Amino acid sequence: MPENTGPESRGPESRGLVLVVEDERHIADLERRYLAREGFGVHVETDGDGALAAARRMRPVAIVLDITLPGMDGIQVCRRLREEGDWTPVVFVTARDEVTDRILGLELGADDYLTKPFAPHELVARVKSLLRRAQGPQRNPVCRLGRLTLDTGRRTLQVDNDPVELTTTEFNLLAYLMGHPEQVFSREQLLAQVWGYAGYRDTRVMDVYVSQLRAKLGDASPIRTVRGVGYGVSDTGR
């Protein structure tokens, strides 16, 4: 059954609605309370079908999505949203801690990943970081490199004048790299810049995002790998 948070998270200073999808009521309530304290409106769903319907109907600013759900699981929900062209930022929350689960979620278009148990304030920090970087003003909104034109104001990317859809984190990563051409950054540095915090437990997630970007950009990709160091962009690409 869906659950609304009530007036406490719907005041005039609301940062927007976050859809929380979690079938464990005590966890959902904890997530709801911490997000509400930071000014977010929160709507809770406890199964995948309800989550998909709520996402379509409410257009939340972010989705906190458990993977293990009754009926349609979180991975299926994320897949369906991305297939429909819905690129709302998604943070997966799950008890699973297998590398394959994390990679699958990221490949489907998730923007971040938290493994239970986690501190509620960490979840809030990640949601706020995603939204801040997705909505923050940019001094030089249009950046061009090779065959790519990236507009950080409109949050759009074109390759040879053809639009390319990116997730929030893919866009933020590419924007950061294109804003610093010919520089090379370690995985840890990129995680700190793109996510907005340091100390991410698994730096291999950066390799997944780079792989996803290269697949979407094809031979127009400007991303190059410097072995033993990290990643950067240049006109020569890989």
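The values are calculated or read from the model by the stated rules, or taken from the named source; none is laboratory data. What you see is a predicted model; the values in this text were computed from it and never measured. So basically every Cβ, Gly included, is an ideal-geometry build from the backbone, and we count neighbours across all protein chains shown. Just so you know, the surface numbers come from the protein's heavy atoms only, side chains and all, with ligands and any DNA or RNA stripped out. Shrake-Rupley method; radii C 1.70, N 1.55, O 1.52, S 1.80 Å.
May I ask you to list the residues in region 217-233 that are in a loop (DSSP other than H, G, I, E, B), free of Cβ contacts under 8 Å to residues at least 60 places away in the same chain and open to solvent by less than 60 Å² (accessible area, probe 1.4 Å)?
221 - this is the single residue of region 217-233 that is in a loop (DSSP other than H, G, I, E, B), free of Cβ contacts under 8 Å to residues at least 60 places away in the same chain and open to solvent by less than 60 Å² (accessible area, probe 1.4 Å).
Inspect all residues belonging to region 10-19 and state whether any of them is open to solvent by 70 Å² or more (accessible area, probe 1.4 Å), more than 19 Å from the chain's Cα centre (by Cα), at pLDDT 90 or above and not β-branched (Val, Ile, Thr).
Initially, region 10-19 is screened for residues open to solvent by 70 Å² or more (accessible area, probe 1.4 Å), giving 10, 12-13, 15.
Keeping just the survivors that are more than 19 Å from the chain's Cα centre (by Cα) gives 10, 12-13.
Adding the requirement that they be at pLDDT 90 or above leaves none.
For region 10-19, residues open to solvent by 70 Å² or more (accessible area, probe 1.4 Å), more than 19 Å from the chain's Cα centre (by Cα), at pLDDT 90 or above and not β-branched (Val, Ile, Thr): absent.
Any residue in region 188-203 that is modelled with pLDDT of 80 or more, among the hydroxyl-bearing types (Ser, Thr, Tyr) and outside any helix (DSSP H, G or I)?
Scanning region 188-203, I find no residue that is modelled with pLDDT of 80 or more, among the hydroxyl-bearing types (Ser, Thr, Tyr) and outside any helix (DSSP H, G or I), so the answer is no.
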